[in-house]
Amino acid sequence: MPVVSIRFSEVPLHKRLKDSAARRQVAISTLAERLIDEGLRMEAHPGVMFREGPTGRRAVLVGGPEVADVIASMIGGDIPVTDRRARTAELMGLSLPMVDAALAYYADHTEEIDTEIAERSRAASEAEAAWRRQRTLLTK
């Protein structure tokens with residue numbers, strides 16, 4: 001495992017990092033690694049940032065939906081591939097550059113987004129099955 005030593009130019013920055021790690025109950029190095037990774041991803045993909053969600057941190061479009069939502073809306077269906085960008089932009093109220101930002105992020109982090117989409121699909125199926133079980137109880 002590579003090791004990097006960081007000297008902070010400001011004491012308050014180190015204190016903020018330490019306090020943030022304590023609030024999240026994680027090691028300072030764990031939080032610093034996550035923030036550096038996210039910062040590098042945001043630098044490589046302008047228009048993408050990270051937000052906390054029910055299943056942890058996720059990539060989202062600045063001022064918009066999660067990248068996984070945008071990509072999931074473009075996968076499959078009977079719409080020709082060439083029309084999916086424009087349809088997604090229209091349906092989600094996004095500009096084409098925002099859709100392109102999601103696609104660019106997806107191209108670099110395909111496995112991460114595919115995993116998020118699969119987890120959502122599984123959770124939706126489980127929720128629907130629970131709802132159906134509850135509904136059958138009401139009809140007895």
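The values are calculated or read from the model by the stated rules, or taken from the named source; none is laboratory data. Just so it is clear, the structure is predicted and the values come from calculations on it, not from any experiment. Cβ coordinates were reconstructed from backbone atoms using ideal geometry, including for glycine residues, and neighbour counts include every protein chain displayed. Just so you know, the surface numbers come from the protein's heavy atoms only, side chains and all, with ligands and any DNA or RNA stripped out. Shrake-Rupley method; radii C 1.70, N 1.55, O 1.52, S 1.80 Å.
Evaluated with a Cβ-only charge set (Lys, Arg +1; Asp, Glu -1), the chain carries a dipole of roughly 740 debye about its Cα centre, given to the nearest 20. Maximal additional length on extending the THR110-ILE6 stretch stands at 34.4 nm, based on 0.36 nm per residue less the C-alpha distance. To the nearest ten degrees, helix 11-24 and the longest principal axis of the Cα atoms of the chain are 40 degrees apart. One chain, two ends: GLU128 and ASP78. Fully extended at 0.36 nm per residue, the span grows by 15.6 nm beyond their Cα-Cα distance.
Can you give the relative contact order of the range 64-118 as a percent, counting alpha carbon pairs under 8 Å and 6+ residues apart? Intermediate values should be presented prior to the final figure.
Numbers: 32 pairs, mean separation 25.5, N = 55.
After rounding, I find 46 percent.
Give, to the nearest whole percent, the P(r) tail of the range 70-130 beyond 13 angstrom, counting all Cα pairs.
Working: 1198 of 1830 pairs.
The calculated P(r) of the range 70-130 puts 65 percent of pairs beyond 13 Å.
Spacing of the modelled spin labels on MET92 and LEU13, each 7 Å from Cα toward Cβ, amounts to 3.3 nm. In the chain, the longest principal axis of the Cα atoms and the axis of helix 81-92 are about 80 degrees apart.
Spin-label model, ARG135 to ARG120: label points 7 Å out along the Cα-to-beta-carbon direction sit 2.2 nm apart. Helix 110-138 and the longest principal axis of the Cα set of the chain meet at an angle near 50°. Net charge of the neighbourhood of PHE50, taken over other residues with C-beta under 13 Å away and scored Lys/Arg +1, Asp/Glu -1, is -2. In plain terms, the bigger the Kirkwood radius, the slower the diffusion; for the chain, with that radius from Cα pairs, at 10 °C and 1.306 mPa s, Stokes-Einstein puts D at 89 µm²/s. For the listed peptides 127-136, 27-36, a ranking on the average number of other beta carbons within 10 Å per residue, highest first, reads 27-36, 127-136. Per residue, the accessible area of the chain comes to 71 Å² when a 1.4 Å probe rolls over the protein heavy atoms.
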